[in-house]
Amino acid sequence: MRLTCMACGAHGSLELFTADPDARRLAELVAKLPADVGPVAVRYLGLFRPLKRGLTWDRAVKIAAEIVAMVEAGAVEMRGRRYPASASSFANAMQQMLDHRERLELPMTSHGYLIRIVAGESPREAARAEVRQQDDQRQASQNRAGLQTRAIAELSSEIARRKRFGEAPMTDDERAAFLERFNGSGA
């Protein structure tokens with residue numbers, strides 16, 4: 001079986017790709033990336049391919065290692081400032097570069113443009129994260145309110161049951177214990 005690497009343009013058999021230690025190292029690095037980043041990162045490597053020859057395995061490994069380091073750090077640095085970034089930010093930025101490759105000066109020599117895109121997205125991503133956090137807090141508050149309403153309804157039902165069957169009314173301590181049991185059980 002003859003294969004062609006999408007990133008570097010190398011041709012060869014499957015055995016060739018798995019026999020080379022740098023090729024194996026590249027596969028290991030790509031496997032470390034989150035599922036939404038790995039495939040686009042492989043295509044992104046192609047932006048570094050010299051125009052008249054293939055990208056060498058050791059160069060591909062170096063570039064992939066830099067990508068893995070940035071994604072694992074969850075941030076990029078630009079002009080001395082650190083910008084938080086999710087894995088999907090990196091995937092989106094790489095895809096944006098691939099979508100507009102005709103506008104790029106190829107081959108790429110660094111991740112500078114990728115970093116600029118990710119850093120530019122950072123404030124928007126932070127705003128989206130804040131909105132998600134507020135939504136989560138609102139949902140948790142609504143869940144607590146729902147549990148409290150349900151607990152009060154159950155307590156009222158228990159009081160009515162005792163009254164209907166002529167049992168002794170609940171004391172304040174029994175009410176507190178009932179509500180605590182109800183809330184603690186998550187029912």
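Below are the figures for this structure:
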item	result
Any pair with Cβ under 7 angstrom, 6 or more apart, that starts in segment 84-101 at a residue that is without any contact (Cβ under 8 Å) to a residue 60 or more places away in the chain and farther than 16 Å from MET70 by Cβ and ends at one that is part of a helix (DSSP H, G or I) and open to solvent by 80 Å² or more (accessible area, probe 1.4 Å)	LEU98/ARG43
Filtered residues of segment 102-128 (kept if at pLDDT below 90 and open to solvent by less than 60 Å² (accessible area, probe 1.4 Å))	ALA119, GLY120, GLU121, SER122, GLU125, ALA126, ALA127
Sole residue being surrounded by 16 or more Cβ atoms within 10 Å (Cβ to Cβ), touching a helix residue (DSSP H, G or I) at 6+ places or on another chain (Cβ under 9 Å), at pLDDT 85 or above and under 17 Å from HIS111 (Cβ atoms), chosen from ALA93, ALA65	ALA93
Members of segment 13-55 that are open to solvent by 60 Å² or more (accessible area, probe 1.4 Å) and under 27 Å from ASP99 (Cβ atoms)	ALA27, ALA31, LYS32, ALA35, ASP36, PRO39, ARG43, ARG49, LEU51, LYS52, ARG53
Unique match (being assigned to a helix (DSSP H, G or I) and touching a Lys or Arg at 6+ places or on another chain (Cβ under 7 Å)) among VAL42, VAL30, VAL68	VAL68
Where a residue in segment 146-171 is touching a residue at least 24 places away in the same chain (Cβ under 8 Å) and its partner, wherever it lies, is not in a loop (DSSP other than H, G, I, E, B) and not β-branched (Val, Ile, Thr), with Cβ under 6 Å and at least six apart	ALA151/LEU179; ALA151/PHE182; ALA151/ASN183; GLU154/PHE182; LEU155/PHE178
Residue within segment 79-88 that is part of a helix (DSSP H, G or I), over 26 Å from PHE17 (Cβ atoms) and open to solvent by less than 60 Å² (accessible area, probe 1.4 Å) present	yes
Looking only at segment 89-111, and only at residues there that are of a type in the set (S, T, N, Q) and farther than 20 Å from VAL61 by Cα, the one that is nearest to the chain's Cα centre (by Cα)	SER89
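The values are calculated or read from the model by the stated rules, or taken from the named source; none is laboratory data. Quick caveat, the model's predicted, so the values are computed rather than measured. Cβ sites come from the backbone with ideal geometry, for glycine too, and all protein chains shown count toward neighbours. With ligands, DNA and RNA removed, areas are computed over all heavy atoms of the protein, side chains included. Shrake-Rupley method; radii C 1.70, N 1.55, O 1.52, S 1.80 Å.
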